[in-house]
Structures are given as C-alpha cells and as structure tokens.
Amino acid sequence: MARIVAIDDEDLIRMLLTHALQGQGHDVIVAADGDAGLAAVADATPDLIITDLNMPGMSGWDVLATLKAGTDTVALSVIALSGNASDEDRQKGAAAGFSGFVGKPLDMAQLLAEIAKVLGTE
C-alpha cells in the first residue's frame, strides 16, 4: 500500500495512527514534531503525510508551507488533523494546500476514507 509519515505531538494519536494504518497494510513512519516529521519525509519519500495542525514549535501549517516551498516535496499530499474543524477551518486548509482535513477527536473511519480519497484508492 502506501508509505505514510504521520506527525503528531500526542503519543496516543501516534500510537492509534500506527496501529490503524499498519492494519490497513500501510508503511507508517511517525514523528512527534514538525522538525522530525520533515526529516522523516526527506528520508522516506512518502506517498502521503498526515499532520496535526496545532503542535509546539513547528505547527502543521509550517510543515505544509515548508513542503510546498520545496521542489522535491511540493506535490506531496498532506492531510491535516485538527481539533479546529469548522467549515471555515477546512476552507482555510484547502486554500493553504492541504489535500484533506480530518477533525479531532479522531474518527478513524473518517481518516481512512480521507486517505483512500487522497490516494485515489476509494
């Protein structure tokens, strides 16, 4: 299936993502912050990135901006995870370049559906 880098500062979310995504056959690499996530992207050449938006230090918004500024990473698909998931937040995310948006608390079925949509495997 796909190689996915998942970036979230919450241990429980990283554990849930790893378990659920590996259960779907994906190769999952997790990172606890934006800097580690960007390093993982550089090392792993993922098919998809999932990032929390609200993290200390480098936010998910910053991760996306860095990826979109890079010639090797500009085309990567990025799904946002956020506790702020109003229609306005989703529109702001789409305008910024996120390929998908999933609210928290995390609904794994919704996330898996969003992943399938973004990867074109639905």
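So L38 ticks every box in (1) under 14 Å from the mean Cα position of the chain (by Cα); (2) under 19 Å from I115 (Cβ atoms) but one. Which box is left unticked?
So the condition that L38 fails would be (2).
Conditions (1) in contact (Cβ under 8 Å) with a residue 40 or more places away in the chain; (2) under 27 Å from L12 (Cβ atoms); (3) of a type in the set (S, T, Y); (4) touching a Cys at 6+ places or on another chain (Cβ under 9 Å), marked per residue:
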| site | (1), (2), (3), (4) |
| --- | --- |
| G60 | yes, yes, no, no |
| V63 | yes, yes, no, no |
| L67 | no, yes, no, no |
| T71 | no, no, yes, no |
| V74 | no, no, no, no |
| A85 | no, yes, no, no |
| K92 | no, yes, no, no |
| A95 | no, no, no, no |
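Residues in the range 98-113 that are assigned to a helix (DSSP H, G or I) and surrounded by fewer than 18 Cβ atoms within 10 Å (Cβ to Cβ): how many?
5
For the subset of the range 44-63 comprising residues that are assigned to a helix (DSSP H, G or I) and small (G, A, S), which member is modelled with the highest pLDDT?
Going through the qualifying residues, I end up with G60.
How many residues are of a type outside the set (D, E) and either touching an Asp or Glu at 6+ places or on another chain (Cβ under 9 Å) or part of a loop (DSSP other than H, G, I, E, B) (or both) when one looks only at the range 64-97?
Matching residues across the range 64-97 total 16.
Considering only the range 41-58, state which residues are in contact (Cβ under 8 Å) with a residue 40 or more places away in the chain and exposed (fewer than 14 other Cβ atoms within 10 Å of the Cβ).
T45, P56, listed by residue number.
Between a first residue in the range 14-40 that is under 16 Å from D52 (Cα atoms) and a second residue that is assigned to a helix (DSSP H, G or I) and aliphatic (A, V, I, L, M), which pairs have beta carbons less than 6 Å apart while being 6 or more apart in sequence or on different chains?
Qualifying pairs under 6 Å: V28/L21; I29/A40; I29/A44; A31/A40; G34/V63; G37/V63.
Identify the single condition in (1) loosely packed, with under 13 Cβ neighbours inside 10 Å; (2) at pLDDT 95 or above; (3) small (G, A, S) that A80 does not satisfy, given that it satisfies every other one.
Condition (1) is where A80 drops out.
The values are calculated or read from the model by the stated rules, or taken from the named source; none is laboratory data. Fair warning: this is a prediction, and the values are worked out from it, not measured in the lab. FYI the Cβ positions are ideal-geometry reconstructions off the backbone, even for glycines, and counts take in every protein chain you see.
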